[in-house]
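Let me begin by presenting the structure, written as structure tokens, before commenting on it.
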Amino acid sequence: MPLRGGRSRWAYRPHATQRRAERRRPRPKPGKTGQNPELRDFIQDHLTRRWSPEQICHALRRRFPDRPEMHVVHETTYQTPSTARAAENSAGN
């Protein structure tokens, strides 16, 4: 569909644009917790102790100060598999 009442030959094709963007996207990328069992277990253990994501993030930085692969932001704690299942279950209630 031409823009500006037919004065332009260019047309925006959103579906084609979306398909092209999806082909270029490097996803699904394995998450940090999926690649590091030690990190995943630490997060899961502290979640079962009912620690907040922010507390877990700070505890990781204190416990592993020289290991940046163990440093995560609080949003990452929601990407662990059991956390995702718990979020799905609570959404259903």
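Summary of values
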item: Rough spin-label spacing in nm, given labels placed 7 Å along Cα→Cβ, for Arg62 and Arg19; result: 5.4
item: Estimated FRET transfer efficiency when R0 is 22 angstrom, pair Trp51-Lys29 (beta carbons, to 0.05); result: 0.25
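Rule-based calculations on the coordinates, nothing more; no lab input. All of these numbers come straight from a predicted model, not from anything done at the bench. Glycine gets a Cβ as well: all are built from the backbone with ideal geometry, and neighbour counts include every protein chain shown.
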